[in-house]
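Only one structure is covered here, and it is reproduced in the block below.
Every read-out reported here was derived from the displayed coordinates using simple, explicitly stated rules and does not represent laboratory data. Remember, predicted model here, so these are calculated numbers, not experimental data. Cβ atoms come from the backbone with ideal geometry, glycine included; neighbour counts cover every protein chain shown.
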Amino acid sequence: MPDRTQVNERIGFLANKAHQLPLEPGVYLMRDHTGKIIYVGKAKALRNRVSSYFRSLEKHTEKVFRMVMNVWDFDTIICDSEFEALVLECSLIKQHNPKYNILLKDDKGYHYIQIWPKEWSRITAQKSKPQEGARVIGPYTSSYAVTQTVDEVNRIFCLPTCSRKFPQELGKGRPCLNHHIHLCMGVCTGKISLQEYQQTVEEAIAFIQGGSGNTLKQLQQQMEAAAENLEFEKAARYRDRINAIKKIQEHQKVVFTKTEDMDAVAFAQDGEQICGVILKIREQRLRDKQEFLLGKGEALTLAQARRELVMRYYASGSEDIPKVVAIDEDFEDRELIERLLREKSGHKVELYIPQRGDSRKLVDMARNNASQRLAHDKPYSNRDLAALDELARLLGLAQPPKYIEAYDISNIGSATVVAGMVVFEDGRPLKNAYKRFSIKTITGTDDYGSMREVISRRFTHYLQEKDLPEGQGSTFGRLPDLILLDGGKGHVAAVQPLLREMGISVPVFGMVKDDRHKTRAIAMDGGEISIFSYRSAFTLVSKIQEEVHRFSIAYSRSKHQKTGFALTLTTVPGVGKTRAQKLFAHFKTVKAMREATLQQLEQAPGMTKPVAQALYAFLHPTEEAGQPEEQSVSGEQGQSQ
């Protein structure tokens, strides 16, 4: 993270220069001390946009702050319209590839279809450089397309995919299961000649290069010719290939009501890292998938990533622009970029945000793929990341909440009021950060007052510990990304003013239950957000609500049991309320107290020998007197506060 105490010495000069700019549309080019262009942007009003970079520096994202610290000078180009400025921005970015504009790096290398060895050839997918001397089809940018094609062609033409080597193992051993279920022609049986096998491989290659339409026509002709020559076994093999191709076509066909060609674009975020995924549907089939990793070290928002990716990929790069591009959320300049794509492609282009139907399902599929890519190198799963991403969109958060704290007030009567705090990190419980609170300043069953006390105590700890070196202090020294309260909008309204007074800026929402104590909605100050249609977010919030309720009620019961038995101890001669509390503080549980020897009881804080003897007799009554029920007063993991 850059040191924000080191300010660009030319800020004053740059601010004054920006203040002289006109309020007209145009493009600005930020340059470093060598004169190199490090950022290109467009503005509806040049003075307003460029001036914003050189004031209120503390409010900039890390990416913008870092860029501003490296600006030595800037140039501007005035345009006749905002659209003309957008066109020029795209052109200049493509020419100069500036450091602080997003660099679209496709998260994949090249992929090939390899036919090797020369005689008994296998058709395989290769990510790395193919075998020297091998026959190669490619390169392709999509591993998905290559893998799918290789699987299809081997299945249709019944080519071997096992590890056996030919001709060394011809006629040796029994054929595998694939041969018996008609997925392999059975080269290992020795009944297939090299000439016949090579002809089949050539037909498979023609299928890859020419598509299923031409191959079906050729196979139909070959089947009819074989039947006329009374070669019925050969005709049957052609028939089976035709049926296999038709079956695969039906299985993989995706039906749309509006268009055959479209792209589905969606994003997922994990901290600073953002992944954008583009699914390409051509001729009613999913043909390709491209992934782009964005934002690492740049602190981009999802809205910025959408705008930059769509503009750079379609307007400045891709020549393959479909008529429909479905996107997960709206972004700045969408209509202008849509107009630019129409002019670039020469046909109508629609950038839109589908709300339902097949297009929405494809956008959701793209988002799941983006979440999967980000979760690939993480300790948590794609499901956890998808739930956090969906929760962020539902609540309007800038990015997924990695660190969530949830609170619940629990009481058994007015005498035992406690609270539990649970923590979820990356969508999973972080039990060593759980905390328990005994309510100290509120009398009676005042849930709002109790919640305010708990929040006040928790963030007082934060203010005391936030500047401590890492590893010192408690987990209270970390600021959560989201606070969830077990309750409705009243709880939220009670807590938000307190946090503002303390200078704490963390989004706060409530978890609303139905009559069966199940999660029903998310509460905010002034209303509720329905959550049922957001399945991943609903499951996560329900899990958090159940966990914080379980944790707080367990502490409440434990404390109630402890209080009840403490009152029973006061019947022992010489044991009052204060001494009973000291005994529990020392022994922790009734079981430990009962197992203590007389000498250990005498050595407990505040005890005398006569009182210890009376207590020992109380804890070890005769068989006729019965034995008190064993009760635990220890809480589970988590510290009492």
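Taking the mean number of other Cβ atoms within 10 Å as a proxy for protection, how do you rank 187-195, 447-455 from highest to lowest? Please report the intermediate quantities before stating the final value.
Values: 187-195: 15.1, 447-455: 21.2.
In decreasing order of mean packing, 187-195, 447-455 become 447-455, 187-195.
If the segment from R383 to Q198 were pulled out straight at 0.36 nm per residue, it would be longer than the present Cα-Cα gap by 62.1 nm.
Summary of packing: across the peptides 69-79, 484-494, 171-181, the per-residue average of other C-beta atoms within 10 Å ranks them, highest first, as 484-494, 69-79, 171-181.
Treating the beta-carbon of each Lys and Arg as +1 and of each Asp and Glu as -1, no other charges, what is the dipole magnitude of the range 11-96 about its Cα centre, to the nearest 20 debye?
With only Lys, Arg, Asp and Glu charged at Cβ, the dipole is about 240 debye.
Quick check on the range 405-560: of the DSSP beta bridges with both residues there, what percent are antiparallel, nearest 5%? Provide the component values of the computation, followed by the final result.
On the way: 22 of 28 bridges.
The antiparallel fraction comes to roughly 80 percent.
Distance cut-off 30 Å, Cα to Cα: go down the list K63/K431; K466/K513; K17/K466; K127/K280; K59/K344 and report the pairs above it. Too far apart for the 30 Å limit: K63/K431; K466/K513; K17/K466; K59/K344.
Modelled label positions at R516 and L463, each set 7 Å beyond Cα in the direction of Cβ, lie 4.4 nm from each other. Judged by the gyration tensor of its Cα atoms, with axes a ≥ b ≥ c, the range 395-558 is rounded; a/c sits under the 1.5 cut. Here the calculated FRET efficiency for S345 and A398, from their Cβ-Cβ distance with R0 = 45 Å, stands at 0.85, rounded to the nearest 0.05. With the simple spin-label model, which puts each label point 7 Å out from Cα in the Cβ direction, the K577 to R10 separation comes to 7.3 nm. Take the Cβ atoms of E132 and L479, set R0 to 35 Å, and the FRET efficiency comes out at 0.05. Put a dot 7 Å past the Cα of L177, heading toward its Cβ, do the same for E272, and the two dots end up 4.8 nm apart. Sorting R10, R55 by the number of Cβ atoms found within 10 Å of their own Cβ, with the fewest placed first, yields R55, R10.
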